[in-house]
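Since the structure comes first, as C-alpha cells, the remarks are kept for the end.
The values are calculated or read from the model by the stated rules, or taken from the named source; none is laboratory data. In this text, all values refer to a predicted model and were calculated from it rather than measured experimentally. Cβ sites come from the backbone with ideal geometry, for glycine too, and all protein chains shown count toward neighbours. These accessible areas exclude ligands, DNA and RNA; they are computed on the full protein's heavy atoms, side chains included. Shrake-Rupley method; radii C 1.70, N 1.55, O 1.52, S 1.80 Å.
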Amino acid sequence: MALDKFVLALAQIDPRLGDVEANREQVARRLGEARAQGADLVIFPELALTGYFLKDQVPEVALRADGPQLAWLRELSKEIAVVIGLVEESRAFIYYNAALYLERGELVHVHRKCYLPTYGLFDELRYFGRGRRLGGFDSRFGRMALLICEDMWHPSAVYLAAADYAATMVTISASPVWGVGKGELPENAAHWRKLVRFSAETWGLFVAYCNRVGFEDGVGFWGGSELVDPFGQTVAAAPCYEEGLVLGEVDLRKTRRKRLLSTTLRDEDLQLTLSELARIARRTARAAETAELGAADGRRAAQDNGAPPASRDEVAAPRKTAAGKGTSRRGPG
Amino acid sequence: MKQRDGGNGTAWQLALNLEVARRLIVAFIRNEFLKVGVRRAVVGLSGGVDSSLSAALAAEALGPQNVLGLIMPYRLSSASSRADAQLVVSKTGIRSLVVDITPQIDAYFERFPEADQRRRGNKMARERMTILYDHSVAFEALVLGTSNKTELLLGYGTVYGDMASAVNPLGDLYKTQVWALAHALGLPQEIVQKQPSADLWVGQTDEGELGFTYRQVDELLFLMVDRRYSREELVGLGLAGHFVDRVAAMVRQSQFKRRLPVIAKLSERTIDRDFRYARDWGR
C-alpha cells in the first residue's frame, strides 16, 4: 500500500569531479542528515557520485547498478529511500548517465538519460550511450518517474511520465550557469523554473527538481532545487549557488484535488497521440527516403508533404520503437 | 550607430545583473584557488579598469592580505597610471610592490635599436608576465588574469604576455560590462571613466588604435558571438558592413591566441584532441 503522504528531501550538494570515494562520504552524510530530519526519501543531483565534466574519466568512475560497489547504498536505503545520479556501466560495457531509485535495501528502478545534450558547453553523446525507456514505475510512495536534466526539456518525456500515471516526477540535474543577463536567474535557470511549474500544473504532478552547485573548470552550477506541488506552488526551495538540504511534504491528496479541478490527464487521448505519431513518422520517413534519391528531389518531395527533409537519424528511432526493436532495457535485469 | 535599446532586444541585452555576476565571479575565484590549494594571488596592476576590477574581486574572494598587486612601470609609462594603480591598492587594501622594468627593457633593446613599437610593446608585456610568474612562486600564489572578453575576441593583447594567467575572472565580460561591474564595486571614478590604454607608448589609447569604440564593438560582438546573428541581420540592424567584416576578421585571425600550440597528430590519443580531461581532473 503506497503512502499518501511522505517527506521528500532535496540534497543540493557539490560533488567532486572524478572522486567517487569523497562523493560517497558526502552522500552518506547528507543521507543521515535527511533521515534525522524526518525525510522518507532523499534526492541527489545528476552524476552526484562522480561529478559532471568527466570527459575521458567516464569509464574510470563507472559502476554497475546492481554491483558490489553500491552495496553501501543499498544498505543505507533500508533506512531511507534514495534517488541518485551516477555513471552506470552496462553488461555490454556501454556507459550511461543514470539515475537509480532504491528503497528497503533494493534497487527498484534505473533510468538512463535519454536526451544527452551535445551542444554549447555540453558533450554528452561523445561519452554516454542513450537511454531508451521513459515512463513511470511503482514505489512505496506511489507511482513515480525519473528524468535527468535535458530529458525534462523534451515535453514528450514529461508527457510519457504523466501518461504512465506518475504522481511524483523526480528530475535530477547538473545544470550549469549560462546566459547571465539582467535577471536574478541565468536564462536557462529561469526556463527551468517555468518547466517545473508548467509540468506540475498541466498534469497535476508533484515535481521534485534537484540540481547541484559548485564549479567545474570555471563553470558554475546554480542549484535552486525545489519541490513544487500540482497547483504550481513551491513546497520547499533550496538557495541558488550554495549547498543545501531542504525538506518538503508530498501530499497526494493535493494531487486528487488538482485532478478533480483539471481533468487534462483523464481526458488525454493516448490512442489519438499514438495514431498521429505513427502517421507523422510514416510521412517523415517517406520524405527522408525521397531525400536520399537526390537533394533537389528531396526538397520537392518534402515541400509536397509540407515538411523539411528529415535525416535518417530523425526517423530511425520511431521506426525501431514501432517494430519493437529497442535495444536498451530498463533496470539492471 | 543608432541607439537601440529595448524595442528590438539588442543593446539592452548587454546589461548584466551585477550582483549575480559579482557573486559568481567571487565564488569562482575562491573555488579555482582553493581547489589547487593556493590561497594567494598576484596580479599586475596597470591603473586601468580591468586589472583594478580583477584585483578588487580577488580581494573580496581571498582577502586583501592575500592579493599582491605588482606595479611594473616603464620609463615612458604615464605617471597617472602609476598613481591610479596606487589608488586601487589603497582602496582595496591589497599588498603591492613596484618593479620598474626600464633597466631590463632598455638593456635588451640596446642590442636591437631598430625594434618598432609593436616589438617593444610585446616585449614589455612579456617581461611583466615573467615578473608576475616569478613572484607567484615567491608569494606562493597563482597569477590572476585581467583580459576581458572584448580584447580576447579581438586578439588585442600579447600572447604569453598580458594574456597569460592561471585564473581569469574577467574573460567572459565585455569591456562595457567590466565598466559596469567596476562601477558597482565602487572603484574610483577616475579609473572607471578614463580612456582605456595599454600605455605602451605615449598617447596610446585602445579606441584610437582599434578605430572604433568599445561600446560599438561590444554590441556587435555580443550579437555576432553570443547571439549568432548573421552578417545580413547585423547590417539590417544598421551596422556598417565594413565594420562587421573587419571585426569578424579580427576574431578569426586571432583564434590562435586563444588556443594551445597546435600539435602534429601521430598517436591514438593526442593531447587535447582525443586525450580529453577536465582541467579539474584529480582536483
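Things to note:
- Seen from A:A200, the other residues with C-beta closer than 13 Å to its C-beta sum to a net charge of +3, counting Lys and Arg as +1 and Asp and Glu as -1.
- Magnitude of the charge dipole, the range A:5-264, Cβ model with Lys/Arg +1 and Asp/Glu -1, debye to 20: 1040 debye
- GNM on chain B, alpha-carbon springs under 10 angstrom: the most fluctuating residue among B:T270, B:T130, B:T150 is B:T270.
- The range B:44-58 and the range B:84-122: distance between their alpha carbon centers, rounded to Å: 16 Å
- DSSP-defined beta bridges in the protein assembly as shown - what % are antiparallel, rounded to 5: 55 percent
- Relative to the longest principal axis of the Cα atoms of chain A, the long axis of helix A:270-293 lies at roughly 50 degrees.
- Whole-angstrom gap from the range A:36-54 to the range B:192-227, using each part's C-alpha centre: 46 Å
- For A:K113, a cut-off of 26 angstrom between C-alpha atoms picks up these lysines, skipping any fewer than 8 places away in its own chain: A:K55, A:K78, A:K194, A:K320, A:K325.
- Counting Cβ atoms of other protein chains within 10 Å of each residue's Cβ and taking the mean over peptide A:11-23 gives 2.
- In sequence order, calculated HN-Hα J values of the range A:124-141 (Karplus, 6.51, -1.76, 1.60; Hz; x Gly/Pro): 5, 5, 5, 10, 10, x, 8, x, 10, 9, 10, x, x, 8, 8, 9, 5, 9
- In sequence order, calculated HN-Hα J values of the range A:151-163 (Karplus, 6.51, -1.76, 1.60; Hz; x Gly/Pro): 3, 6, 6, 9, x, 4, 5, 5, 4, 5, 4, 5, 4
- Cβ-derived FRET efficiency at R0 25 Å, A:H191 paired with A:E276, nearest 0.05: 0.40
- Choice from B:S197, B:S52, B:S147 showing the highest fluctuation, given a GNM over chain B with Cα pairs closer than 10 Å: B:S197
- Taking amide H as placed 1.01 Å from N in the peptide plane, A:V42 has its amide H under 5 Å from the amide H of A:A9, A:A81, A:V82, A:V83, each at least 5 places away in sequence or on another chain.
- DSSP-loop trypsin sites (Lys or Arg not before Pro) across the range A:37-99, with at most 10 other Cβ within 10 angstrom: A:R91
- Each of A:R133 and B:R111 was given a label point 7 Å from its Cα along the Cα-to-Cβ line. The distance between the two points is 7.1 nm.
- Whether chain B is rounded, prolate or oblate, judged on the alpha carbon gyration tensor where a/c under 1.5 counts as rounded: rounded
- Peptide A:178-184 - average C-beta neighbours from other chains (10 Å radius): 5
- Amide H contacts of A:G131: A:K113, A:C114, each under 5 Å away and 5 or more positions distant or on a separate chain (H built 1.01 Å from N in the peptide plane; Pro and chain starts excluded).
- FRET E, pair B:I271, B:R118, Förster distance 35 Å, beta-carbon r, rounded to 0.05: 0.65
- Inter-chain shielding of A:217-227 (mean C-beta neighbours from other protein chains, 10 Å cut-off): 3
- Cross-link partners of B:K175 among lysines, defined as those whose alpha carbon lies under 26 angstrom from its own and excluding same-chain residues fewer than eight positions apart: A:K182, B:K2, B:K91, B:K123, B:K149, B:K194, B:K257.
- Estimated inter-spin distance, B:R23 and A:A2, nm [label 7 Å along Cα→Cβ]: 3.6 nm
- Between A and B, accessible area buried - total, square angstrom, nearest 100, 1.4 angstrom probe: 2000 Å²
- The mean sequence distance of close C-alpha pairs (under 8 Å, at least 6 residues apart), as a share of the length of chain B, puts its relative contact order at 19 percent.
- Where both bridge residues fall in chain B, DSSP classifies roughly 0% of the beta bridges as antiparallel.
- What the phi angles of the range B:232-239 give under the Karplus curve with 6.51, -1.76 and 1.60, with θ = phi - 60°, is a coupling list of 4, 5, 5, 5, x, 7, x, 7 Hz, glycine and proline written as x.
- Mean Cβ count within 10 Å, highest first, over the residues of peptides A:23-33, A:2-12, B:114-124: A:2-12, A:23-33, B:114-124
- Among B:59-72, B:155-168, the peptide with the highest mean count of other Cβ atoms within 10 Å heads the list, and the full ranking is B:59-72, B:155-168.
- Taking a ≥ b ≥ c as the square roots of the eigenvalues of the Cα gyration tensor, the range A:43-83 is classed as oblate, since a/c reaches at least 1.5 and a/b does not exceed b/c.
- Within a Gaussian network of chain A (alpha carbon springs, distance under 10 Å), most fluctuating of A:I94, A:I13, A:I43: A:I94
- Summarising the strand pairing of the range A:5-264, around 70 percent of its internal DSSP beta bridges are antiparallel.
- Residues whose amide H comes within less than 5 Å of that of A:V108, counting only those at least five positions distant or on another chain, are A:Y101, A:L102, A:E103 (H built at 1.01 Å from N in the peptide plane).
- If the convex hull is drawn through the Cα atoms of the protein assembly as shown, its volume per residue in Å³: 204 Å³
- Shape class of the range A:5-264 from the Cα gyration tensor (axes a ≥ b ≥ c, square roots of the eigenvalues): rounded, since a/c falls below 1.5.
- Dipole of the range A:1-142 [Lys/Arg +1, Asp/Glu -1 at C-beta], most positive-end residue of A:G135, A:Q57, A:Q26: A:G135
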